[in-house]
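One structure is given below, encoded as structure tokens.
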Amino acid sequence: MTTTEREQQVLDRIERARRRRAKVREERITLSHGSGGKATHTLIEAVFLDAFRNPLLEPMEDAAALTIGGAQLALTTDSYVVSPLFFPGGDIGDLAVNGTVNDLAVSGARPLYLTAGFILEEGFPVEDLLKIVESMKSAALAADVQIVTGDTKVVQRGKADGVYINTAGVGVSIRSGLGVATVKPGDAVLVSGPIGDHGVTIMLARGELDIDADLESDTAPVHELVAGLLASVPGVRAMRDATRGGVATILNEVTRAAEVAVVIDENAIPVRTEVRGASELLGIDPLYVACEGRIVVIVDGAQASEALAALRSHPLGADAAVIGRVADDPPGLVLLNTAFGGTRIVDMLVGDPLPRIC
């Protein structure tokens, strides 16, 4: 058997494994079920999607596309359990607002209104709650959205970790038809800036690495960045904000939904030196580390230059880069051309090396 035939057999086995019906094999929920990676997707497909299946949910985009009274709307929700609550560059409050704003923005919608639900632990300092709420107020003003309704619950001491926040958001669509299933061979893959800043910042803030680094979370609202991109580039196929599971998980979602391959170049991926160094200490790949203000964009390959220019024209996209392309073979796989001249498969995140980072 030739090397090519053996490689094809391996690829065929991977493809058959991926097409099996999702099934949760664990008897209890683990932290990896919240990682945004393979365990999270299995949980969602086998439990939630299987029970709630409907045409609006099945695309599993960051927001559901709704038509109500002729209006094209987007609806999303997210929960935030980050630890610590305060970290360089932000806190759980602005993270909650920016995360929901970004889910709407990358779905092609202009964010309008948010809800805010708080689960507070008995004994949590009111002074800290005031700081968090003030951050949410500032973030909402910056994103030009209003928090219009909410909920508050208090649980017994020891039953939570200070405060958890859930936010939901609704926006009006400015570009319909976006989605990872629309991606085609020949498309270009871009990121809007250096990846992994948020996840590594949280790890440093926990003091678990015993190193100092001049690094802040990249948490920010990307609605204006996205609006400028959509106004300049008609060939945008899909966008995602690279939160849990990082860029690698997003690209794996693209390959599965569109039945294409994605080939990325390690040398083209922007990663800060501090993030790369900390990732090496943690033994993780920056491709799996979460961002909170970076987006992945898939665009018609003929319009890659226009998309890059549009991203770089906004401060949040100043360091944007084209990192790869979409191919037709092998379908379902993300391949990385390494800095050493080799090629390896980039699978969806397994386990949860960085729990509770958002």
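Considering segment 82-124 alone, what residues qualify as being open to solvent by 20 Å² or more (accessible area, probe 1.4 Å), of a type in the set (A, V, I, L, M) and not in a loop (DSSP other than H, G, I, E, B)?
Within segment 82-124, 112, 119, 120 meet the criteria.
Can you tell me which residues in segment 148-177 are touching a helix residue (DSSP H, G or I) at 6+ places or on another chain (Cβ under 9 Å), hydrophobic (A, V, I, L, M, F, W, C) and under 30 Å from residue 237 (Cα atoms)?
Scanning segment 148-177 gives 168, 170, 174.
Under 8 Å between Cβ atoms, which residue pairs at least 6 apart in sequence (or on different chains) link something in segment 248-270 that is closer than 16 Å to residue 36 by Cβ with a partner that is open to solvent by 20 Å² or more (accessible area, probe 1.4 Å) and among the hydroxyl-bearing types (Ser, Thr, Tyr)?
248/288; 249/288
Quick check: anything in segment 12-35 of a type in the set (Val, Ile, Thr), open to solvent by less than 50 Å² (accessible area, probe 1.4 Å) and either within 20 Å of residue 146 (Cα to Cα) or modelled with pLDDT of 90 or more (or both)?
no
Considering only segment 339-357, I want to know if a residue exists there that is modelled with pLDDT of 95 or more, open to solvent by 10 Å² or more (accessible area, probe 1.4 Å) and closer than 28 Å to residue 232 by Cβ.
Checked against the condition, which is being modelled with pLDDT of 95 or more, open to solvent by 10 Å² or more (accessible area, probe 1.4 Å) and closer than 28 Å to residue 232 by Cβ, segment 339-357 yields no hits at all.
Out of segment 272-314, which residues are of a type in the set (Val, Ile, Thr) and either in contact with a Cys (Cβ under 8 Å, 6 or more places away or on another chain) or surrounded by 19 or more Cβ atoms within 10 Å (Cβ to Cβ) (or both)?
Hits for segment 272-314 are 275, 284, 289, 295, 296, 297, 298, 299.
Which one is farthest from residue 203 (Cα to Cα) among residues in segment 46-81 that are part of a loop (DSSP other than H, G, I, E, B), of a type in the set (D, E, K, R) and open to solvent by less than 70 Å² (accessible area, probe 1.4 Å)?
By that ranking, first place goes to 61.
If you scan segment 136-191, which residues turn out to be part of a helix (DSSP H, G or I) and not β-branched (Val, Ile, Thr)?
Those that are part of a helix (DSSP H, G or I) and not β-branched (Val, Ile, Thr): 136, 137, 138, 139, 140, 141, 142, 143, 181.
Output the number of residues of segment 203-236 satisfying the condition of being modelled with pLDDT under 95 and crowded, with 16+ Cβ neighbours inside 10 Å.
Total meeting the criteria: 5.
How about segment 315-338: which of its residues are touching a Lys or Arg at 6+ places or on another chain (Cβ under 8 Å) and open to solvent by less than 20 Å² (accessible area, probe 1.4 Å)?
Hits for segment 315-338 are 320, 326, 332, 336.
Out of segment 139-159, which residues are within 25 Å of the chain's Cα centre (by Cα) and not hydrophobic (A, V, I, L, M, F, W, C)?
144, 146, 150
The values are calculated or read from the model by the stated rules, or taken from the named source; none is laboratory data. The shown structure was predicted, so the numbers you read here are calculated from the model rather than taken from an experiment. Ideal geometry is used to build each Cβ from the backbone, glycine not excepted, and the neighbour counts take in all protein chains shown. When the accessible area is computed, the model is the full protein with side chains, heavy atoms only, and any ligands, DNA or RNA have been set aside. Shrake-Rupley method; radii C 1.70, N 1.55, O 1.52, S 1.80 Å.
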